[in-house]
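Colleague: The structure that follows is given in the form of structure tokens.
The values are calculated or read from the model by the stated rules, or taken from the named source; none is laboratory data. What you are looking at is a predicted structure, and each value in this text was computed from that prediction instead of being measured. All Cβ positions, even for glycine, are placed from backbone atoms using ideal geometry, and neighbour counts span all protein chains on display. We work out accessible area using only protein heavy atoms, side chains counted, and drop any ligands, DNA or RNA first. Shrake-Rupley method; radii C 1.70, N 1.55, O 1.52, S 1.80 Å.
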Amino acid sequence: MTNQPGVPSFPHRHLLAIEGLQPSEITFLLDEAEQWVDAGRRARKHDDRLQGLTQINAFFENSTRTLLSFEIAGKRLGADVVNLAAGASSLKKGETLLDTALTLNAMRPDVIVIRHESSGAVALIAEKVDCPVLNAGDGRHEHPTQALLDALTIRRRKGGLEGLRVAICGDILHSRVARSNFHLLTALGAEIRAVAPPTLMPFDVERFGVTPFTDMDAGLEGADVVMMLRLQLERMDGAYVPSTREYFRTFGLTRSRLAAAKPDVLVMHPGPMNRGVEIDSAVADDIQRSAIAEQVEMGVAVRMACLDVLTRERRGDSR
Ligand code: ASP
């Protein structure tokens, strides 16, 4: 789709969610990320278009790959990247979210990346600061760059998303990854199946335009892509599954269970993986089908694209 002259291809100040984005805006971000995949495969990876800009990564909830990925992305673009780690923050000392926002803002950053355990907290901070904000995961709500990197991975492997059958399996109830993917993949024309035990299936899941399955074997039937989710024990306030062993028996992705999917099925997982709980090692390490390492690679490219696009206006750069 071509854009009208004078109308920016991504007319948003922040990236807080996939919900509400136009398919053309999503495709624009994915197209922008392609150049950074190529750049990342070269020995010299720097571009420096964010030189002199300050990027704060404020992570109020633990993270390994997302924090590292945003740090690498910012550094490859030449930004001065500063990380604020959860344990060290004043939030733990009782500071309110708004005071945290004002403090971050007073450092005059040019872009802030935020992860927070509460749904909606990132949007709240975004209202109080003078620079673009990227949501790196807020509670169970959304994780937009994860969905973008998943889409980029699928698009590169399958040539497109339209008409693909994607089974998103596991702890859907607690998963921001599932929510962002529901919005993105349906917007780009994929057929989505939400596969989970009844206790881990949101009661209103159909409002996302997805088809629920409480039987794993039926849900995997004819799938082009199987996306596994981690059992998010830290978000559970009771017993949602009888035991992890029982869960693996009924919802774990094994080779024999995967036989119901298409022969060229792509297996994905956002990480961190619990081997032997939601996925068997033989599937996770199957180099023909598993795209798990590729997802991590695409993550850096997608985050470079988002950081670049969101800071264009303040850089006075239309690139
Ligand atoms: N890393 C993803 C997230 O932050 C998935 C997970 O934690 O299971 O939501």
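Colleague: Among (1) free of Cβ contacts under 8 Å to residues at least 60 places away in the same chain; (2) among the small types (G, A, S); (3) not in a loop (DSSP other than H, G, I, E, B), where does G299 come up short?
Modeller: Result: G299 fails condition (1) only.
Colleague: If you don't mind, another one. Among the listed residues L233, L229, L253, identify the single one that is open to solvent by less than 20 Å² (accessible area, probe 1.4 Å), within 11 Å of the ligand (Cβ to nearest atom) and within 30 Å of V300 (Cβ to Cβ). Break it down stepwise before answering.
Modeller: Values: L233 fails: open to solvent by less than 20 Å² (accessible area, probe 1.4 Å); L253 fails: within 11 Å of the ligand (Cβ to nearest atom).
That would be L229, the only listed residue that is open to solvent by less than 20 Å² (accessible area, probe 1.4 Å), within 11 Å of the ligand (Cβ to nearest atom) and within 30 Å of V300 (Cβ to Cβ).
Colleague: Restricting to the stretch 14-61, what's the tally of residues that are small (G, A, S), touching a strand residue (DSSP E or B) at 6+ places or on another chain (Cβ under 7 Å) and away from the ligand (no atom under 16 Å from the Cβ)?
Modeller: Start the filter on the stretch 14-61 by keeping residues that are small (G, A, S), which leaves 17, 20, 24, 33, 39-40, 43, 52, 58.
The next check asks that each one be touching a strand residue (DSSP E or B) at 6+ places or on another chain (Cβ under 7 Å); those that pass are 17, 58.
Next cut, away from the ligand (no atom under 16 Å from the Cβ) only: none.
Count: 0.
Colleague: All but one of (1) small (G, A, S); (2) modelled with pLDDT of 95 or more; (3) surrounded by fewer than 24 Cβ atoms within 10 Å (Cβ to Cβ) hold for G170, so report the exception by its number.
Modeller: It is condition (3) that G170 fails.
Colleague: Out of (1) open to solvent by 40 Å² or more (accessible area, probe 1.4 Å); (2) more than 28 Å from K45 (Cα to Cα), what's the single condition that is false for A260?
Modeller: Of the numbered conditions (1) open to solvent by 40 Å² or more (accessible area, probe 1.4 Å); (2) more than 28 Å from K45 (Cα to Cα), the odd one out for A260 is (1).
Colleague: Restricting attention to the stretch 128-145, does a residue exist that is surrounded by fewer than 18 Cβ atoms within 10 Å (Cβ to Cβ), touching a strand residue (DSSP E or B) at 6+ places or on another chain (Cβ under 9 Å) and more than 29 Å from S24 (Cβ to Cβ)?
Modeller: no
Colleague: Would you mind listing the strands (runs of 3 or more DSSP E) fully within the stretch 118-224 where at least 2 residues are away from the ligand (no atom under 16 Å from the Cβ) and in contact with a helix residue (DSSP H, G or I) (Cβ under 6 Å, 6 or more places away or on another chain)?
Modeller: Working: elements: 133-138, 165-169, 191-195, 211-213.
Per the criteria, 165-169, 191-195, 211-213.
Colleague: Picking from G209, G159, G163, which residue would you name as being under 26 Å from Q22 (Cα atoms), in contact with a Gly (Cβ under 8 Å, 6 or more places away or on another chain) and open to solvent by 10 Å² or more (accessible area, probe 1.4 Å)? First the steps, then the outcome.
Modeller: On the way: G209 fails: in contact with a Gly (Cβ under 8 Å, 6 or more places away or on another chain); G159 fails: in contact with a Gly (Cβ under 8 Å, 6 or more places away or on another chain).
Criteria check complete, one pass: G163.
Colleague: So P270 fits all but one of (1) more than 22 Å from I26 (Cβ to Cβ); (2) assigned to a loop (DSSP other than H, G, I, E, B); (3) within 14 Å of the ligand (Cβ to nearest atom); what number is the exception?
Modeller: If we test P270 against (1) more than 22 Å from I26 (Cβ to Cβ); (2) assigned to a loop (DSSP other than H, G, I, E, B); (3) within 14 Å of the ligand (Cβ to nearest atom), just (1) comes out false.
Colleague: Same structure again: Test A282 against the criterion of being assigned to a loop (DSSP other than H, G, I, E, B), out of contact with any Gly (no Cβ under 6 Å at 6 or more places or on another chain) and among the small types (G, A, S), and give yes or no.
Modeller: Values: assigned to a loop (DSSP other than H, G, I, E, B): no; out of contact with any Gly (no Cβ under 6 Å at 6 or more places or on another chain): yes; among the small types (G, A, S): yes.
For A282, the condition - assigned to a loop (DSSP other than H, G, I, E, B), out of contact with any Gly (no Cβ under 6 Å at 6 or more places or on another chain) and among the small types (G, A, S) - is not met.
Colleague: Of all residues in the stretch 62-72 being surrounded by 18 or more Cβ atoms within 10 Å (Cβ to Cβ) and near the ligand (Cβ under 9 Å from one of its atoms), which is modelled with the highest pLDDT?
Modeller: Start the filter on the stretch 62-72 by keeping residues that are surrounded by 18 or more Cβ atoms within 10 Å (Cβ to Cβ), which leaves 63, 66-67, 69-71.
Filter once more, so that each one left must be near the ligand (Cβ under 9 Å from one of its atoms): 63, 66.
Numbers: S63: 89, T66: 97.
Step by step, filter the stretch 62-72, then rank; the result is T66.
Colleague: Please go through (1) at pLDDT 95 or above; (2) away from the ligand (no atom under 16 Å from the Cβ); (3) in a loop (DSSP other than H, G, I, E, B) for P242 and return the number of the only condition it doesn't satisfy.
Modeller: Among (1) at pLDDT 95 or above; (2) away from the ligand (no atom under 16 Å from the Cβ); (3) in a loop (DSSP other than H, G, I, E, B), P242 violates only (1).
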